[in-house]
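Worksheet: one structure, shown below.
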Amino acid sequence: MATFFVFFSFLEDTGYFPRLALLVDRIFKHFGLTGRAVIPMVLGFGCDTMATMVTRTLETTRERIIATILLSLTIPCSAQLGVILALLSKFPGALAVWGCCLLFLFIAVGLLSAKILPGEAPMFYMELPPMRLPQFGNVVTKTYTRMQWYFLEILPLFVLASVLLWLGKITGFFEKMVDAMTPVMAAIGLPKETAVAFIFGFFRRDYGAAGLYELQTKGLMDARQLTVAAVTLTLFIPCVAQFLIMKKERGWKVAGAIGVFVSLLAFGSGYVLNRMLLATGILA
């Protein structure tokens, strides 16, 4: 996260982000958003939990809900993204399939959200600051401020997630969850052991992706199964830290509805993708 914040602060100090916001504004309007939403979207590739907090800067409740849905569904955090890219890079075409699935769902869900949720996207105006070389002192100050905010706001949630993960292991709760999820795993063409990665992914995204790596090294998953698992895990319900922030920012009803919608869409997409790969023989 520190590395991500350095590059984010670097780009911010150049004056590039206002220009990026204006460039994507016309596209984002189709999703019920304005160019201002590009900031939480970019932050989501660092930490979706923090990006969900930043959605409070958007003007309308409708925009905040749409941005939260898209962050929960199709924007992988840096920890998860790195492991998944490393996993799928071993198989030709797997990364392309994964990326195309996420891009398609980002567009489809964004367009549907804009049509279903009531309201109109507000007008978007932004003053363009001059482009300049970033100042070292500014980059350091912004990075330090964001790291301080991250540790105060987000780190306690990750500690809570780790404690819950430990309790689930010692109480045997995870074994029961694995048994309950076995039919779902079978429906999307994955072995029973994959359920552990999904359970861990809810508590820590990187743990879930690392679970797929462990299964792949043991020879329990082929290229098709690994791709289906990677797509489904990326779309799967946000980690517990992000879910708690969603509850704090949007309320229990909205957070719960987003969690259910994202989970159903994730496994539904995994089922359809598995059938398509089997029928076409891609990644066989």
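Quick notes on this one:
- Placing unit charges on the Cβ atoms only, positive for Lys and Arg and negative for Asp and Glu, gives the chain a dipole magnitude near 220 debye about its Cα centre.
- Under 15 Å, Cβ to Cβ, from Phe45 - net charge with Lys/Arg +1 and Asp/Glu -1: -1
- Selected from Met53, Met1, Pro122, residue furthest toward positive end of dipole (the chain; charges at beta carbon): Pro122
- Computed from the alpha carbon atoms alone, the convex hull of region 218-278 holds 74 Å³ per residue.
- Relative contact order [Cα under 8 Å, 6+ residues apart], region 163-218, whole percent: 26 percent
- Shape category assigned to region 22-171 from the gyration tensor of Cα positions, a/c cut at 1.5: rounded
- Residue range of the chain that is longest and free of trypsin sites (Lys or Arg not before Pro) which are both DSSP loop and sparsely packed (at most 14 other C-beta within 10 Å): 1-89
- Taking a ≥ b ≥ c as the square roots of the eigenvalues of the alpha-carbon gyration tensor, region 171-216 is classed oblate because a/c is 1.5 or more while a/b is no larger than b/c.
- Charge context of Thr182, other residues only, Cβ under 13 angstrom, K/R +1, D/E -1: -1
- Simple Cβ-charge dipole of region 124-195, Lys/Arg +1 and Asp/Glu -1, about Cα centre, in debye nearest 20: 200 debye
- Ordering Gly219, Met181, Phe203 by the projection of their Cα atoms onto the charge dipole of region 134-227, which places +1 on the Cβ of Lys and Arg and -1 on the Cβ of Asp and Glu, puts Phe203 at the extreme positive end.
- Using a Förster distance of 35 Å, the FRET efficiency for Met123-Ser89 (Cβ separation, nearest 0.05): 0.25
- Cα centre as origin, Lys/Arg/Asp/Glu Cβ charges: region 177-237 dipole, Debye: 80 debye
- Cα gyration tensor category, rounded, prolate or oblate, for the chain with a/c compared to 1.5: prolate
- Residues of type aspartates and glutamates that Lys218 reaches as a straight line, Cα spacing below 14 Å, ignoring anything fewer than 8 places off in the same chain: Glu193
- Angle in degrees between helix 61-74 and the longest Cα principal axis of the chain, rounded to the nearest 10: 40 degrees
- Mean Cα-pair separation over length for the chain, i.e. relative contact order, pairs under 8 Å, 6 or more apart, %: 23 percent
- Coil-residue GluC sites (Glu not before Pro) of region 124-227, DSSP, other Cβ within 10 Å capped at 15: Glu127
We did not get these values from a lab; they are worked out from the coordinates using the rules stated. Source: prediction; values computed, not measured. A quick note on method: Cβ atoms are made from the backbone with ideal geometry, for glycine too, and the neighbour counts reach across all protein chains shown.
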